[in-house]
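Working notes, structure below.
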Amino acid sequence: MKGRFSHPRQGQGSAALWRLDISRRGGVAFSGPTPILKIPQVSKAVAPLRVEQGEMWMKGFAEFGPRMVVLTGAGISAESGVPTFRGPDGLWGRYRLEELATPEAFARDPLRVWEWYAWRRELIARAEPNPAHQTLAEMEAVLPGFLLITQNVDGLHQRAGNRRVVELHGNLWRVRCPREGHVWEDHHVPLPELPPRCPTCGAFLRPDVVWFGEPLPPEEWRHAMEAACEAEIFLVIGTSGIVEPAASLPRLARAHGAYLVEFNLEDTLLTPLMAEIWRGPVKETLPQWWICFRRS
């Protein structure tokens, strides 16, 4: 049984919030405020490597139900037709994130921001969970120690059947009143009014997502860090490993002894951490891996 890391308790001021610091030596420390979503620095893409599927040491794990934690990114939803943010056809290649995904952009032009999010909602409403989403729902159904951590805001994991989901970056199908703080689901497509207004105070509502420069939800981040520390198997699916602080979670899991498996089309910044690598469309590779795991 792995020990749980210590953390500040309530009543200790700002120290009761969280920050994850990864040093160049791989050290991990928890302190300070909840981490903010950082704008990724663009660098040259890593050339993909032809890596053979690793030899799994998990034989017998399925019988005892390991603590399996999964981190998903935009790549899993891309195979359902949801555009990713990076890459040659990514959304940030066509739009400036500073104009659409920051608190300053919303304060400056809420209509422009909402037009973009309304367009995304319409795209996502037409998308369906793919076999990778469905495989994750099956994993949750049979593994008591399963937890899904996602950077995605599209809700496709829940539509596939997952219920133990930690949403680090929020959910596009929820709206929030910045004045009163109330949050609720709104699945209208299209929205009846842009920008939508709070029915009680009249303020412009905002999407209940984390914008760049904002802190992650403290409870979700705490849950994600604890799960990473206690994971025995940690799957990294369809994420570039660029956006922090989510990209720190696989490093945290590795530091606590987890077995890491990556599913992606190409190499990422996280690939050197992996014990096992599966290359190809995740809607094909993840179901294949799950079949192998259940037969082990």
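Evaluate region 157-167: report whether one residue or more is under 26 Å from VAL243 (Cα atoms), in contact with a helix residue (DSSP H, G or I) (Cβ under 8 Å, 6 or more places away or on another chain), among the polar types (S, T, N, Q) and without any contact (Cβ under 8 Å) to a residue 60 or more places away in the chain.
Looking through region 157-167, at least one residue is under 26 Å from VAL243 (Cα atoms), in contact with a helix residue (DSSP H, G or I) (Cβ under 8 Å, 6 or more places away or on another chain), among the polar types (S, T, N, Q) and without any contact (Cβ under 8 Å) to a residue 60 or more places away in the chain.
Evaluate region 133-150: report whether one residue or more is of a type outside the set (D, E, K, R), assigned to a helix (DSSP H, G or I) and within 22 Å of PRO218 (Cα to Cα).
First, the residues of region 133-150 that are of a type outside the set (D, E, K, R): 133-137, 139, 141-150.
Narrowing the set further to residues that are assigned to a helix (DSSP H, G or I) leaves 133-137, 139, 141-142.
Adding the requirement that they be within 22 Å of PRO218 (Cα to Cα) leaves none.
No, because not a single residue in region 133-150 is of a type outside the set (D, E, K, R), assigned to a helix (DSSP H, G or I) and within 22 Å of PRO218 (Cα to Cα).
Tell me which strands (runs of 3 or more DSSP E) are completely within region 166-217 and hold 1 or more residues being at positive phi, or say none if there are none. Quick ask: steps written out before the conclusion?
Values: elements: 170-176, 183-185, 206-209.
Fully inside region 166-217 and qualifying: 170-176.
Give me the pairs: first residue in region 285-296 and closer than 12 Å to ILE237 by Cβ, second residue among the small types (Gly, Ala, Ser) and part of a helix (DSSP H, G or I), beta-carbon distance under 6 Å, and six or more apart or on different chains, which are they?
LEU286/ALA132
Restricting the search to region 131-162, which residues are hydroxyl-bearing (Ser, Thr, Tyr) and closer than 21 Å to ARG174 by Cα? Reasoning before the result, please.
Restricting attention to region 131-162, the residues satisfying the condition of being hydroxyl-bearing (Ser, Thr, Tyr) are 135, 150.
Passing the criteria: only THR150.
Grab the helices (runs of 4 or more DSSP H) fully contained in region 51-106, keeping just those with 2 or more residues being modelled with pLDDT of 70 or more. Let's see the steps before the verdict.
On the way: elements: 61-64, 74-78, 97-100.
So the answer is 74-78, 97-100.
Pairs needed: first member in region 235-247, more than 18 Å from ALA258 (Cβ to Cβ) and crowded, with 23+ Cβ neighbours inside 10 Å; second member anywhere, charged (D, E, K, R) and modelled with pLDDT of 90 or more; C-beta distance under 9 Å; at least 6 residues apart or different chains.
From residues that are more than 18 Å from ALA258 (Cβ to Cβ) and crowded, with 23+ Cβ neighbours inside 10 Å, the pairs are GLY238/GLU79.
For region 218-234, enumerate the residues that are assigned to a loop (DSSP other than H, G, I, E, B) and surrounded by fewer than 23 Cβ atoms within 10 Å (Cβ to Cβ).
Quick first cut of region 218-234, residues assigned to a loop (DSSP other than H, G, I, E, B) only: 231-232.
Scanning region 218-234 gives a single hit, GLU232.
The values are calculated or read from the model by the stated rules, or taken from the named source; none is laboratory data. Since this is a predicted model, take the numbers as computed values, not measurements. Here the Cβ is made from the backbone with ideal geometry for all residues, glycine too, and neighbour counts use every protein chain on show.
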